[in-house]
Amino acid sequence: MFRRDPIPPGEAVEILLDGQPISARRGDSVAGALLAGGVTRFRDSVVSGAPRAPYCLMGTCFECLMTIDGVANRQACLVTVEPGMRITRQSGAPSLLPEAET
Amino acid sequence: MSAQLPDTAELVIIGAGPAGMAAAIEARAAGAEVMLLDETPAAGGQIWRAVGTAPEARKALLGKEYAAGAALVSDFAACGAHHASGVSVWGVMPDGTGPIHVGVSESGAAGMIETRAVILATGAQERPLPVPGWTLPGVMGAGAAQIALKSGGLLPEGRCVLAGVGPLLYLLADQLLRAGVTPAALVETPSPRRRAALPHLPDFLRTPAFLKGAGLIARVRRRIPVITGAEALEITGESRAEALRYRRAGSWHEIPADLVLLHAGVVPSLNLAVAAGVPTRWNAVLRCFEPETDAAGATDLPGLFIAGDGAGIGGAERALPSGRRAAQAALAQLGREVDPLAAAEAQRQWHRADRGRAFIDRWFAPPPSLLAPQGETIACRCEEVPASAIRDAARLGAPGPNQIKTYLRCGMGPCQGRMCAASVTEIMADESGRDPADLGHLRFRTPVRPLSLAELAQLPAGEAARRAALGDAALPETPLPLPDRSS
């Protein structure tokens with residue numbers, strides 16, 4: 001959906017989406033970096049499991065909720081990327097049961 | 001709470017857009033101690049998002065008005081206010097004539113700041129445009145695409161269509177053209193009552209906005225197809241947007257699209273003000289609720305002021321004097337001297353910036369039919385509540401939006417009604433024939449942002465923490481009996 005403009009970008013920073021490396025730029029929001037990386041599906045909705053992606057990019061719509069460095073339901077548009085940041089997609093409603101240790 | 005946030009401040013300003021920065025500069029000039037809290041990484045608000053760090057080439061393509069924001073950002077940085085960025089505010093809790101508590105959260109740690117005066121400068125949000133298919137990936141607000149461009153230099157890739165109504169559609173189209181992106185089309189859905197703007201045209205013609213706007217629209221029309229007079233919109237696609245369909249003169253047309261950018265103007269961000277207890281009024285011209293304030297932005301709650309678009313949509317230029325006036329009112333409340341000349345000057349600036357708004361407000365008004373969807377179109381994105389369910393409940397006699405919330409969970413998801421409150425009121429009004437002014441809107445409550453239990457547990461015990469956890473719900477007189485755990 002998006003590409004970066006040709007204006008010289010900032011320093012490259014690598015982040016991980018579901019374990020896959022994505023090249024971000026220092027200062028990017030997580031949502032911006034993922035959109036620039038060609039990501040269209042950010043999560044699957046809680047009620048029907050339909051794919052969703054950011055709608056507002058300003059903290060209003062809560063469509064970009066993701067698990068970032070182990071913390072669930074963070075707004076990806078309000079979090080600035082850090083090198084090595086681990087982002088995982090959330091799918092449907094979370095389980096209330098404690099996660100099995102693996 | 002974080003080490004860098006003090007727990008008291010003389011004046012707290014929330015939001016680092018034009019109104020918040022102007023208020024901070026004004027209050028600092030009078031010697032007040034100012035803390036400005038903002039959710040984003042840098043000052044500027046959405047209108048001047050990232051203007052302090054944007055490369056010159058990007059500023060050039062975003063235009064003069066954008067680049068001009070850099071001056072205010074640097075004045076603000078030099079004014080001596082404590083600017084806390086990346087901080088979410090989840091509640092403003094006035095306590096009669098006593099101090100106001102401001103609930104904050106930063107990097108997963110919650111806390112409270114005690115202050116004597118608060119200026120809400122939280123601005124506006126894009127008015128949700130609930131058309132069929134608007135939840136698909138590949139559909140966003142036009143404002144969102146502009147934020148992506150300002151903050152990260154992102155440009156639409158593939159076929160991009162802009163749809164809806166509002167000056168932003170033309171501004172964004174022009175910015176994209178300058179960046180080398182040619183949108184496939186701009187589909188405009190004007191209000192059927194657009195002519196109501198015409199009596200206000202002479203006043204608008206005398207403003208600088210007229211020449212700028214007319215030039216902008218002409219440039220866009222020369223370069224991309226502009227389809228005016230669309231009556232309905234829908235987006236089709238399986239797992240992402242594939243096409244925008246629009247109805248014009250009764251028949252449907254389709255434009256293939258990878259990215260559909262919707263817009264229907266902006267509305268005040270109400271959550272913090274309403275949760276604090278500020279009453280709202282319906283603005284029939286702008287079709288939105290606004291917090292009740294006086295001309296300077298003072299609310300009925302002692303020490304609580306609202307400035308800029310959050311008090312009523314007027315644009316960045318009007319937000320600047322609005323911020324100054326709110327700061328002057330807050331300074332008076334704090335017992336500090338306000339220069340009467342500065343007060344008169346801010347008032348003059350406000351009226352100058354307000355000229356032409358009456359035309360713009362009416363010419364770019366959204367068509368009510370687009371705001372009150374039918375059938376399976378999703379109204380509440382979080383809880384996936386279709387318009388038909390809200391209409392059924394309205395027909396069954398639901399007295400107002402808050403009963404709809406109880407019946408259907410509209411507004412109970414993570415966005416807390418930001419994306420559906422307007423639609424719930426519009427749908428109920430359409431279904432019942434009642435006036436939105438009488439129906440009111442979803443009741444927003446503290447905390448206005450989701451807080452984890454861990455964050456709640458960090459708060460110092462007391463009335464403010466109780467309100468954070470329970471909103472304004474009354475506690476029972478006697479403690480609830482605890483279950484017998486002996487057996």
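The values are calculated or read from the model by the stated rules, or taken from the named source; none is laboratory data. Here the structure is a predicted model, which is why all the values come from computation and not from measurement. So basically every Cβ, Gly included, is an ideal-geometry build from the backbone, and we count neighbours across all protein chains shown.
In the stretch B:210-269, how many residues are under 26 Å from B:GLY375 (Cβ atoms) and among the aromatic types (Phe, Trp, Tyr)? So the count comes out to 2. The test for being more than 8 Å from chain A (Cβ to nearest Cβ), farther than 30 Å from B:LEU233 by Cα and either in contact with a Phe, Trp or Tyr (Cβ under 6 Å, 6 or more places away or on another chain) or buried (at least 21 other Cβ atoms within 10 Å of the Cβ) (or both) holds for B:GLY103. Going by the structure shown, is B:ALA346 in contact with a strand residue (DSSP E or B) (Cβ under 9 Å, 6 or more places away or on another chain), under 30 Å from B:ALA32 (Cβ atoms) and either at pLDDT 95 or above or surrounded by 21 or more Cβ atoms within 10 Å (Cβ to Cβ) (or both)? Against the criterion (in contact with a strand residue (DSSP E or B) (Cβ under 9 Å, 6 or more places away or on another chain), under 30 Å from B:ALA32 (Cβ atoms) and either at pLDDT 95 or above or surrounded by 21 or more Cβ atoms within 10 Å (Cβ to Cβ) (or both)), B:ALA346 does not qualify.
Determine whether the stretch B:112-119 contains at least one residue that is assigned to a strand (DSSP E or B), over 22 Å from A:SER45 (Cα atoms), of a type in the set (A, V, I, L, M, F, W, C) and within 19 Å of the chain's Cα centre (by Cα). Scanning the stretch B:112-119, I find at least one residue that is assigned to a strand (DSSP E or B), over 22 Å from A:SER45 (Cα atoms), of a type in the set (A, V, I, L, M, F, W, C) and within 19 Å of the chain's Cα centre (by Cα), so the answer is yes.
When B:THR293 is tested against (1) in contact (Cβ under 8 Å) with a residue 24 or more places away in the chain; (2) assigned to a loop (DSSP other than H, G, I, E, B); (3) of a type in the set (Val, Ile, Thr), just one condition goes unmet, and that condition is (1). Within the stretch B:369-412, the set of residues being within 14 Å of chain A (Cβ to nearest Cβ) and either touching a residue at least 60 places away in the same chain (Cβ under 8 Å) or in contact with a strand residue (DSSP E or B) (Cβ under 7 Å, 6 or more places away or on another chain) (or both) comprises B:GLU376, B:THR377, B:ILE378, B:ALA379, B:ARG381, B:GLU384, B:VAL385, B:PRO386, B:LEU408, B:ARG409, B:CYS410, B:GLY411. Which members of the stretch B:441-460 meet the condition of being closer than 17 Å to B:THR425 by Cα and touching a Ser or Thr at 6+ places or on another chain (Cβ under 7 Å)? Scanning the stretch B:441-460 gives a single hit, B:HIS441. Of all the residues in the stretch B:305-344, those that are part of a helix (DSSP H, G or I) and touching a residue at least 12 places away in the same chain (Cβ under 8 Å) number 24. Determine whether A:LEU16 is in contact (Cβ under 8 Å) with a residue 12 or more places away in the chain, farther than 21 Å from B:GLY86 by Cα and either in contact with a strand residue (DSSP E or B) (Cβ under 8 Å, 6 or more places away or on another chain) or surrounded by fewer than 19 Cβ atoms within 10 Å (Cβ to Cβ) (or both). Taking the combined requirement at face value, the residue satisfies it. Taking the criterion of being more than 7 Å from chain A (Cβ to nearest Cβ), touching a Leu at 6+ places or on another chain (Cβ under 8 Å) and among the β-branched types (Val, Ile, Thr), would at least one residue in the stretch B:162-171 satisfy it? No: zero hits. Within the stretch B:177-186, the set of residues being touching a helix residue (DSSP H, G or I) at 6+ places or on another chain (Cβ under 9 Å) and more than 10 Å from every other protein chain (Cβ to nearest Cβ) comprises B:LEU177, B:ARG178, B:THR182, B:PRO183, B:LEU186.
Looking only at the stretch A:1-13, which residues are of a type in the set (Val, Ile, Thr) and either within 15 Å of the chain's Cα centre (by Cα) or crowded, with 19+ Cβ neighbours inside 10 Å (or both)? Answer for the stretch A:1-13, where residues must be of a type in the set (Val, Ile, Thr) and either within 15 Å of the chain's Cα centre (by Cα) or crowded, with 19+ Cβ neighbours inside 10 Å (or both): just A:VAL13. You will find that of B:GLU157, B:GLU126, the residue that is surrounded by fewer than 21 Cβ atoms within 10 Å (Cβ to Cβ) and either at pLDDT below 95 or facing chain A (nearest Cβ under 7 Å) (or both) is B:GLU157 and no other.
Restricting B:ALA393, B:ALA365 to those that are buried (at least 19 other Cβ atoms within 10 Å of the Cβ), of a type outside the set (Phe, Trp, Tyr), out of contact with any Asp or Glu (no Cβ under 8 Å at 6 or more places or on another chain) and part of a loop (DSSP other than H, G, I, E, B) reduces the list to B:ALA365.
Residue by residue, here is whether (1) in contact (Cβ under 8 Å) with a residue 60 or more places away in the chain; (2) out of contact with any strand residue (DSSP E or B) (no Cβ under 6 Å at 6 or more places or on another chain); (3) among the hydrophobic types (A, V, I, L, M, F, W, C) holds:
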position: A:ARG25; (1), (2), (3): no, yes, no
position: A:LEU34; (1), (2), (3): no, yes, yes
position: A:GLY37; (1), (2), (3): no, no, no
position: A:PRO54; (1), (2), (3): no, yes, no
position: A:MET66; (1), (2), (3): no, no, yes
position: A:ASP69; (1), (2), (3): no, no, no
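Which of the following residues is modelled with pLDDT under 95 and either out of contact with any Phe, Trp or Tyr (no Cβ under 6 Å at 6 or more places or on another chain) or not assigned by the TED database to the domain that holds B:ALA273 (or both): B:ASP95, B:ASP38? Exactly one of B:ASP95, B:ASP38 is modelled with pLDDT under 95 and either out of contact with any Phe, Trp or Tyr (no Cβ under 6 Å at 6 or more places or on another chain) or not assigned by the TED database to the domain that holds B:ALA273 (or both), namely B:ASP95.
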